[in-house]
Amino acid sequence: MSFTPLPRSAPEAQGIASRALLDLLVALEARAPGLHSLMLLRGSAVVAEGWWAPYAPTEPHMLFSLSKSFTATAAGLAFAEGLLSPDDPVTSFFPDEVPAVVGPNLAAMRVRHLLSMSTGHDEDTLTHLVRAQEGDWVRTFLARPVAREPGTFFLYNSGATYLVSAILQRLTGQTVRDWLEPRLFAPLGIATPYWERCPHGINTGGWGLNLRTEDIARFGLLYARDGEWRGRRLLPAGWVAEATRAHVSNGDDPDSDWAQGYGYQFWRCRHNLYRGDGAFGQFCVVLPDHDTVVAITAGLGDMQGVLNVLWEHLLPALGDAPLPADAEGEQALRTRLASLVLPAPAGAPESPLAARVSGRTYDLAPNDQQLTHVTFDFAARRLSLTGAAGEQQLAWGSNGTWPRGELAWESATPERVAASGAWTADDTFALGLCWYRTPFCPRLTCRFAGDEVALDYRLNVSFGPLERPTIVGRLTDGATGG
């Protein structure tokens, strides 16, 4: 597939001061640590872009619930083609999966209720779906109690988005990903992406899509331009306004961007803006009144903090006309963006203890990760790890460098990872790990004492506990490590 990059422009040519964007970047790093990428568009041009190494522009990133906005877009295209209506009853698509007794609230549920998270459920159905017997997520969703009248109550419900995906697959005979390929992905120049599937082969819809930062920006630009792309209408007229308006109230906190109303899988924001977003800081923010789009990937906990910085620093910087050129300011911004790097463990590259433990193999006590042996080669800066995936080796960098490799830690399948390490004390080695297609950047802290090593694994973000139980290893030959 041919790929035409988005045009690039000096910020001043688009009415933004480079120095203001530099201030924005500094504020984001200070108040929202954990960013992985940032791309800012004004008009149709990229005015600022950066990736915190080892993250890179060519690498896709997990989007989590930002996937929902793409599923909603597929529904909008199906509306335009006459395959589907917002007022179609949900039960009409699955006559063989509905319960024996269909209650009045389930019978009243329409496609628009799935899209606006107003199905009437009083809990997210996702947990029940992933635990479903025989992997039948559709039947499980339809069997959940619908406590309220649909359309009267907002509840964030990833299972509802999955059901939109299931409906579209039932109607088209294709997964949402495959159906969107000629209608959205290919016209936007997005290489056919990976999208997770349920056990029955249906794209998960509400999560599971993986895209590059520029892909997110292109999607946002399509919405900012009311569904037109380079002179061609991709989305039906009126869809963007309908999808991004508030269909249901989701709170009354004037300071929260999670309480400004919810559209069709888009969140309303303060300042008459809207966005798609996903867990841990995946953002596609559209500022329609300013002809501006912000695409962000991240691994952080405070998503509101990111938006607060955008409103405080970006909004005041968006001028109505081009500004005088500022070569020095632009160069300072470009230099800062080109030098972004993920923080690595801080400490010394060497330790007096290293020579005594280097190359020695430790037997690991039984653990949930099914790891059995570990060896540290401090001369070669290489970790050898044996577990469910067999014996693996991973090189690490020092002084903030992040060489890339592959490693299986909490799964049996090796995944792309980068590593950087340092001695934080004479007896303690810290290894930063970055699965750079995901938000997950854990730290492995290794404390050596006598003939033992204690391994502590802590995640930066997680849907569950951040810390894993300590794994203790003992030298296989019984010799002391120092």
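Report, in whole Å, the centroid distance computed from the Cα atoms of the range 233-262 and the range 19-98. Between the Cα centre of the range 233-262 and that of the range 19-98, the gap is 14 Å. Dipole size of the chain about its Cα centre, with +1 on Lys/Arg Cβ and -1 on Asp/Glu Cβ: approximately 680 debye, rounded to the nearest 20. For the chain, the longest principal axis of the alpha carbon atoms and the long axis of helix 327-338 meet at an angle near 70°.
Kindly identify the range 211-323 as rounded, prolate or oblate by the Cα gyration tensor criterion: order the square roots of the eigenvalues as a ≥ b ≥ c, call it rounded if a/c is under 1.5, otherwise compare a/b with b/c, prolate if a/b is larger, else oblate. Rounded is the answer for the range 211-323, as its axis ratio a/c remains below 1.5. Rounded, prolate or oblate, given the Cα gyration tensor of the range 1-86, with a/c below 1.5 counting as rounded? Verdict is prolate for the range 1-86. Between the listed residues 362, 425, 453, the Cα displaced farthest toward the positive end of the dipole of the range 354-475, a dipole computed from Cβ unit charges relative to the Cα centre, is found at 425. Counting other Cβ atoms within 10 Å as a rough exposure proxy, the listed residues 9, 384, 165, 92 run 92, 384, 9, 165 from fewest neighbours to most. A viscosity of 1.567 mPa s and a temperature of 4 °C, combined with the Kirkwood radius over C-alpha pairs in the Stokes-Einstein formula, give the range 381-482 a diffusion coefficient of 90 µm²/s. Restricting the range 262-371 to GluC sites (Glu not before Pro) that sit in a DSSP loop and have at most 16 other Cβ atoms within 10 Å of their own Cβ leaves 350. Computed extension length for residue 178-residue 356: 58.6 nm, one decimal, from 0.36 nm per residue of separation with the Cα-Cα distance subtracted. Electrostatic tally near residue 143: other residues with Cβ closer than 14 Å to its Cβ, Lys and Arg +1, Asp and Glu -1, net -2. The gain in end-to-end length when the residue 454 to residue 258 segment is fully stretched comes to 66.4 nm, 0.36 nm per residue minus the alpha carbon separation.
Taken as Cα centroids, the range 173-209 and the range 405-426 sit 30 Å apart, rounded to the nearest whole angstrom. D by Stokes-Einstein for the range 68-134, Kirkwood Rh over Cα pairs, 10 °C, 1.306 mPa s: 118 µm²/s. Two numbers describe the Cα atoms of the range 256-375: Rg and Dmax, which are 23.0, 66 Å.
Charged side chains reduced to their Cβ positions (Lys and Arg at +1, Asp and Glu at -1) give the range 354-475 a dipole of some 340 debye around its Cα centre. Length gained on full extension, residue 4 to residue 426: 146.8 nm, using 0.36 nm per residue less the C-alpha separation.
Any read-out appearing in this document is the output of simple, stated calculations on the displayed coordinates, not a laboratory observation. In this text the structure is predicted, and so the values were computed from the model without any measurement. When we count neighbours, we look across all protein chains shown, and the Cβ atoms used for this are built from the backbone with ideal geometry, even at glycine.
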